[in-house]
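Chemist: Sharing a structure here in structure tokens format.
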Amino acid sequence: DVSITMREILRKQGQRRKNLGTWFSMWFLNTTRASTIKAMHGLFARLAYPGQRFAHRVYKLLNIKEKTPKSSTGRAPLVEQVVHFVRKPMPANLPARTTRALLAIEDDKFIPIIRRPESQDAEAVFYFPGCGSERLFSQIGLATLAMLYEQGVQTVLPPGYLCCGYPQKSGGDANQGKQISVANQVLFHRIANTLNYLDIKTVLVSCGTCIDQLLTYQFSKIFPGPAGN
């Protein structure tokens, strides 16, 4: 909380340093257009992550001896930034497509419901994958959906690509984070009203940072009784 507040103060005072990587990441999280997300996912999967892992292999071959960074109150020297970037490899085998692209449920005009044909009267749960499980590491979203399918429940997903608002808030832009959260809550109320016959009582999430933000959504007022689930 202290770090987030400090970032917000620095942003309001115009003292936040510009960072191309952070800007690019936030753009990826802020957009909800399927075509843009697919293009950026392909960039990460085919170029960015493999490129960083190649740089890590070169770094290991050079056998550079790491030194403890010197105390500093400013930006780290370029060499230290490069070493920090390549010293650990990014995850390999990033899926080529997002979860929604693989399941053909990218249209934000429809509410996807995944279930067995014989499970129309089974328990219904609302699943919020989160950006990590949906946009980058789609194997997590697919594994979660497969687990729920095997359990025979009906899984309701939000329409289209959504961000919970936590990255914006944690980056110091509390206003944008709140706008996203409010818009999501309004959308979830509409989903609950549209699918009131399903009697959704459980909300699931597979993203560690999303749960922090979703706990502020007051789901007990949206769905019949997910509090504690």
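The values are calculated or read from the model by the stated rules, or taken from the named source; none is laboratory data. Bear in mind that the values here come from a model prediction, so they are computed numbers and not experimental data. As a convention, Cβ positions derive from the backbone with ideal geometry for all residues, glycine included, and neighbour counts pool all protein chains shown. Calculation scope for accessible area: heavy atoms of the full protein, side chains included, ligands and nucleic acids excluded. Shrake-Rupley method; radii C 1.70, N 1.55, O 1.52, S 1.80 Å.
Chemist: Does Leu204 satisfy being at negative phi and outside any helix (DSSP H, G or I)?
Modeler: Judged against the criteria, Leu204 is a match.
Chemist: Based on this model, can you work out whether Ala34 counts as at pLDDT 85 or above, under 15 Å from the mean Cα position of the chain (by Cα) and small (Gly, Ala, Ser)? Quick ask: steps written out before the conclusion?
Modeler: On the way: at pLDDT 85 or above: yes; under 15 Å from the mean Cα position of the chain (by Cα): yes; small (Gly, Ala, Ser): yes.
Yes.
Chemist: Turning to a different aspect of this structure: Taking segment 1-31 as the search range and keeping residues that are within 17 Å of the chain's Cα centre (by Cα) and hydroxyl-bearing (Ser, Thr, Tyr), which one is farthest from Thr99 (Cα to Cα)?
Modeler: Checked segment 1-31; the qualifying residue farthest from Thr99 (Cα to Cα) is Thr22.
Chemist: A follow-up question, please. Can you say whether Thr73 is at negative phi, modelled with pLDDT of 90 or more and among the polar types (S, T, N, Q), as far as the supplied structure shows?
Modeler: no
Chemist: In segment 186-218, which residues are over 18 Å from Pro159 (Cα atoms) and in contact with a helix residue (DSSP H, G or I) (Cβ under 7 Å, 6 or more places away or on another chain)?
Modeler: Passing the criteria: Thr209, Asp212, Gln213, Thr216.
Chemist: Scan segment 28-37 and tell me whether some residue there is out of contact with any His (no Cβ under 9 Å at 6 or more places or on another chain), farther than 30 Å from Leu157 by Cα and not charged (D, E, K, R).
Modeler: There is no residue in segment 28-37 that is out of contact with any His (no Cβ under 9 Å at 6 or more places or on another chain), farther than 30 Å from Leu157 by Cα and not charged (D, E, K, R).
Chemist: Just give me the residues in segment 13-44 being in contact (Cβ under 8 Å) with a residue 40 or more places away in the chain, open to solvent by 70 Å² or more (accessible area, probe 1.4 Å) and part of a helix (DSSP H, G or I), in sequence order.
Modeler: Thr22, Lys38
Chemist: How many residues are touching a Ser or Thr at 6+ places or on another chain (Cβ under 8 Å) and in a loop (DSSP other than H, G, I, E, B) if we restrict to segment 113-140?
Modeler: Residues flagged as touching a Ser or Thr at 6+ places or on another chain (Cβ under 8 Å) and in a loop (DSSP other than H, G, I, E, B) within segment 113-140 amount to 4.
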